[in-house]
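Visitor: Below is one structure. I have some questions about it.
The values are calculated or read from the model by the stated rules, or taken from the named source; none is laboratory data. In this text, all values refer to a predicted model and were calculated from it rather than measured experimentally. Here the Cβ positions follow ideal geometry from the backbone for every residue, glycine too, while neighbour counts run over all protein chains shown. All accessible areas refer to the heavy atoms of the entire protein, side chains included, with ligands and DNA or RNA removed. Shrake-Rupley method; radii C 1.70, N 1.55, O 1.52, S 1.80 Å.
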Amino acid sequence: PTPEQRQKIDHSIGVCRLVYNLALETKMYAYQTQRKNLSAIDLCYQLVDLKKDFEWIGSVDSQALQASVKKIDAAFKNFFKGKGYPKFKSRNSTQSFSCPNNKREVDWENSTLTIPKIENIPIKLSRKFKGEIKTVTIIRTSTRKYFASILVNNGVKEPKLKKITAKKAIGIDTGIKSFVVSSDGRKFEASRKLKDNLIRLKALSRRASRKKKGSSNRKKANKTLSSLHEKIMNKRLDYIHKVTHNLTSDNQAVSTIFVEDLNVSGLLSNHKIAQSMSDVSFGKFYEILGYKCRWHGINLVKIGRFDPSSKRCSCCGEINGELTLKDREWTCKSCGTTHDRDENAAKNILWYGLQQTIFKNKTSVGSRKEPVESPTLVGAMKQENVSV
């Protein structure tokens, strides 16, 4: 954006952040003092009085202000689903505001974007689209970069899910050492961008902390640190997109993908592996894999969390109860087959998934001779998922 447009965008971001924080504080205060739960509509009605007291708030799109207030309802819904309690927004983190209504246009010939109150913003187009614009979200990163995320209704419907068959199904095992291993032989090593840049991150963090608070030098140091964090995040996302594309793009060969039901939040609570878990970003991987499977009509099925995928011999079904976290390879005492831990787990995930779906075996057990981990272990983490 031009300097004038940048000033308007920054002003809109600041006002929307202020309105969000005020609405959150009002909602919390009403519940603490009167046990009254204010809805987003109740809070939006109070915007009229707020504009009367502070006229400069009226310079921002009214729909953008209401969208900021409505985000509080979404934040509390996520809280009741088990996520963190809603927090007040800081001016130092990534900021955004949405324009769900009024004038929103993209001029393809002149490469400009028009939103309410701000017209003809120069943009670099990543790709063209066809359809009705529903929402435009302007995002400003901590490194002062601006992005426009445009939600479009293009009328394209998701394809129907394919029939689950054993020939066109694969199982994938995820881990910290080997990021993804599939039952058909594909293997993707972990791309640890955080670990590769950890020394540089620590140096920049120390340098920023030693600067005087509020000084220009501290702001410059923080911006340099934020740039490196942003670079690491972009590299990680790029690698995840490449892996998920490889798994889902050949939709003629794959109709079903079986995965483990990982307790990601539980694994992150273990301080010994939390950094490594965050570096490979399993949560983001499963999120991206999920919507790409829907795009291609691929079934994404989770097997039981306590199915012993690493301990079971994929050849004879024998369970190796002596397997430890250090054992990356092991030999079955029953049939003598030597297994790679991750490859064997991927094959077992496929087997358990087929038992659940095609053979309708809810316990994922093919025969009574094959023991399953005790159901009293609910809430515990799978042993093989905490290997470093």
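Visitor: Output the number of residues of region 106-129 satisfying the condition of being open to solvent by 30 Å² or more (accessible area, probe 1.4 Å), farther than 16 Å from Ile139 by Cβ and free of Cβ contacts under 8 Å to residues at least 12 places away in the same chain.
Guide: 4
Visitor: Show the residue pairs that are 6+ apart or on different chains and have beta-carbon atoms under 7 Å apart, the first residue being within region 269-285 and small (Gly, Ala, Ser), the second being assigned to a loop (DSSP other than H, G, I, E, B).
Guide: Hits for this filter: Ser276/Ile176; Ser276/Val388.
Visitor: If only one of Asn270, Asn222 is of a type in the set (S, T, N, Q) and open to solvent by less than 60 Å² (accessible area, probe 1.4 Å), which one is it?
Guide: Only one candidate passes the filter, namely Asn270.
Visitor: Let me ask you something else. Which strands (runs of 3 or more DSSP E) sit wholly inside region 286-363 and have at least 1 residues that are hydrophobic (A, V, I, L, M, F, W, C) and open to solvent by less than 50 Å² (accessible area, probe 1.4 Å)?
Guide: Qualifying strands (runs of 3 or more DSSP E): 299-302, 329-331.
Visitor: For region 238-263, name all the residues that are part of a helix (DSSP H, G or I), surrounded by 15 or more Cβ atoms within 10 Å (Cβ to Cβ) and within 16 Å of the chain's Cα centre (by Cα).
Guide: Tyr239, Ile240, Val243, Thr244
Visitor: Is it the case that some residue within region 186-193 is touching a residue at least 12 places away in the same chain (Cβ under 8 Å), assigned to a strand (DSSP E or B), touching a Gly at 6+ places or on another chain (Cβ under 8 Å) and of a type in the set (A, V, I, L, M)?
Guide: The answer is no; no qualifying residue exists.
Visitor: Would you confirm, using the coordinates I've provided, whether Tyr286 is of a type in the set (Phe, Trp, Tyr) and within 22 Å of Lys81 (Cα to Cα)?
Guide: The answer is yes for Tyr286.
Visitor: Still on this structure, please answer the following. Determine which member of the set Val180, Val136 is touching a Phe, Trp or Tyr at 6+ places or on another chain (Cβ under 7 Å), aliphatic (A, V, I, L, M) and either surrounded by 15 or more Cβ atoms within 10 Å (Cβ to Cβ) or farther than 29 Å from Val301 by Cβ (or both).
Guide: Val180
Visitor: Take the residues in region 151-175 that are touching a Leu at 6+ places or on another chain (Cβ under 8 Å) and in a strand (DSSP E or B); name whichever of them is modelled with the lowest pLDDT.
Guide: In this case the residue turns out to be Thr174.
Visitor: Name the residue, out of Ala75, Ala67, that is under 30 Å from Glu119 (Cβ atoms), small (Gly, Ala, Ser) and either part of a helix (DSSP H, G or I) or touching a residue at least 60 places away in the same chain (Cβ under 8 Å) (or both).
Guide: When all the criteria are applied, what remains is Ala67.
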